[in-house]
Structures are given as structure tokens and as C-alpha cells.
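Structure record follows, encoded as C-alpha cells.
The values are calculated or read from the model by the stated rules, or taken from the named source; none is laboratory data. Computed from a predicted structure; not experimentally measured. Backbone-built Cβ (ideal geometry, glycine too); neighbour counts: all protein chains shown.
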Amino acid sequence: MRPMFLSEVEESAPGGVYAPVINELREAGLPVPQIMHLFAYKPDRNDSLSRFTQGVMRGPSPLPAGFRELIAAFTSQRNDCRF
């Protein structure tokens, strides 16, 4: 995975609910999705955004979660953003 443009965010000690996941990925030598770095950078400001995102993607909806993921991936691709 390419490094982020914000090395301070990527290299900082993670916090919040994403910290254990980031630490496990790092220990296993696996790449950490960049959005996790952003959520873990300042958890006091980002935990509500994380809960919102999970609610939209995983909460009750007439659309299955997999279809919502497909919409997000398609939108990212259309915006020239790797998903």
C-alpha cells in the first residue's frame, strides 16, 4: 500500500477503537487501511464519524450491506480514489 501524504497521521500511535486492529495488522506485517489511520489519529474527534460510517454501512437499511459496499466502491472509482 502506498504511504499516506500525512506521515504524521500514519506513523502516530493509534488510539480509540481502531488501535487494537491497527496494532494487530502492524504486528502481522500487514498493510493498514489508510482510513483506519485517520480514525485512530484523534479518536476524541473521529469516533463519532466512525460510528456514523458503520451505521450507514452496517445499520438497518433496505439495501444489504454488500450492496452498500459496492456503491461505495463504485463511487470511489468514479472519483479516481482507490477503495
Please work out which residue is modelled with the highest pLDDT, limiting yourself to region 36-83 and to residues that are farther than 17 Å from TYR18 by Cα and among the acidic types (Asp, Glu).
GLU69
Filtered residues of region 63-83 (kept if exposed (fewer than 14 other Cβ atoms within 10 Å of the Cβ) and either of a type in the set (Gly, Ala, Ser) or touching a Gly at 6+ places or on another chain (Cβ under 8 Å) (or both))
ALA65, GLY66, ALA73, SER76
Considering every residue within region 41-62, establish whether at least one is surrounded by fewer than 10 Cβ atoms within 10 Å (Cβ to Cβ), in a loop (DSSP other than H, G, I, E, B) and either among the aliphatic types (A, V, I, L, M) or touching a helix residue (DSSP H, G or I) at 6+ places or on another chain (Cβ under 9 Å) (or both).
no
